[in-house]
1. Taking the stated definitions as given, is residue 90 in contact (Cβ under 8 Å) with a residue 12 or more places away in the chain, surrounded by 20 or more Cβ atoms within 10 Å (Cβ to Cβ) and not acidic (Asp, Glu)?
2. Consider residue 38 against the criteria (1) touching a residue at least 24 places away in the same chain (Cβ under 8 Å); (2) open to solvent by 80 Å² or more (accessible area, probe 1.4 Å); (3) within 23 Å of residue 10 (Cα to Cα): it satisfies all of them except one. Which criterion is unmet?
3. So which residues in region 20-65 are charged (D, E, K, R) and over 30 Å from residue 157 (Cα atoms)?
4. Would you check which residues across region 94-108 are assigned to a helix (DSSP H, G or I) and either buried (at least 17 other Cβ atoms within 10 Å of the Cβ) or charged (D, E, K, R) (or both) and list them?
5. Output the helices (runs of 4 or more DSSP H) that fall wholly within region 113-227 and possess 1 or more residues being open to solvent by 60 Å² or more (accessible area, probe 1.4 Å), within 30 Å of residue 96 (Cβ to Cβ) and not assigned by TED's automatic domain parsing to the domain that holds residue 75, or say none.
6. Does region 153-162 hold any residues that are within 16 Å of residue 25 (Cα to Cα) and not basic (Lys, Arg), and which are they?
7. Answer yes or no as to whether residue 79 is farther than 30 Å from residue 196 by Cα, open to solvent by 40 Å² or more (accessible area, probe 1.4 Å) and in the same structural domain as residue 48 (by TED's automatic domain parsing).
8. Mind checking which pairs have a first residue in region 1-28 that is part of a helix (DSSP H, G or I) and a second that is among the acidic types (Asp, Glu), Cβ under 7 Å, 6 or more apart or different chains?
Amino acid sequence: MKILIVEDHPELAQNIFQFLSKEGIVCELCATAQQAEDRLLGFEYDCIVLDIMLPDGNGLDILRFIKRNKIQSCVLIISAKNSLDDKITGLEIGADDYLTKPFHLSELLARLRALYRRNHLGGDNVVTFNEITINTTTYEVQVNQQTLDLTKKEFDLLVYFLANKNRVITRQSIAEHLWGDYTDTLSNFDFVYQHVKNLRKKISNFGGNDYISTVYGLGYKFDTNVK
């Protein structure tokens, strides 16, 4: 997952960032509505953790901005306001879930994972495509019932490919999805090639089909038509 955290309270924002990062989730932080809108126009995110009360605006307005610009991200609203009206308004505008402060970080993580599974993986913890089986809870991948030894980035890369089957994904998109802000200062994305190469080799070594094809000049595609 790649998450955008829109929260102006520094301590809470850092706590969420550190907790989710330790779980292997790529996180980016925004403290204002303007920063959030700029990020959302320039980058893609799987989920957005969105506070309602911000110093320069209202989170519900950002939610309207997301829907108006047809941004395909799940939205989980967090707010200290316990008003039923806020919750109903947010859900009616298009939020996917709502969490009232204070909350346990483990619950936030569970809800984000549930949203990701529902929107990208058909709602299941176990994703199967032909000879490939992925367990997103145990981080285990099997090819022809044999367990692959994948790094965390290789695992995330495979899930990303399966969530975007038959779509051309640029190297930049892969880099931003897996590393987030850390890619801003890079001059190239050659390291993506190595991760893709390693993943393809490991799948092939266990008798799996090479579904990942190179689209020259653009990026890569997980082609479900390969046999």
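The values are calculated or read from the model by the stated rules, or taken from the named source; none is laboratory data. These numbers come from a predicted model, not from an experiment. We place every Cβ from the backbone using ideal geometry, glycine too, and count neighbours over all the protein chains shown. Areas reflect the complete protein model, heavy atoms only, side chains present, ligands, DNA and RNA absent. Shrake-Rupley method; radii C 1.70, N 1.55, O 1.52, S 1.80 Å.
1. yes
2. (1)
3. Passing the criteria: 56, 61, 64.
4. Hits for region 94-108 are 107, 108.
5. 152-163, 171-179
6. 154, 155, 156, 157, 158, 159, 160
7. no
8. Correct list of pairs: 13/7; 16/7.
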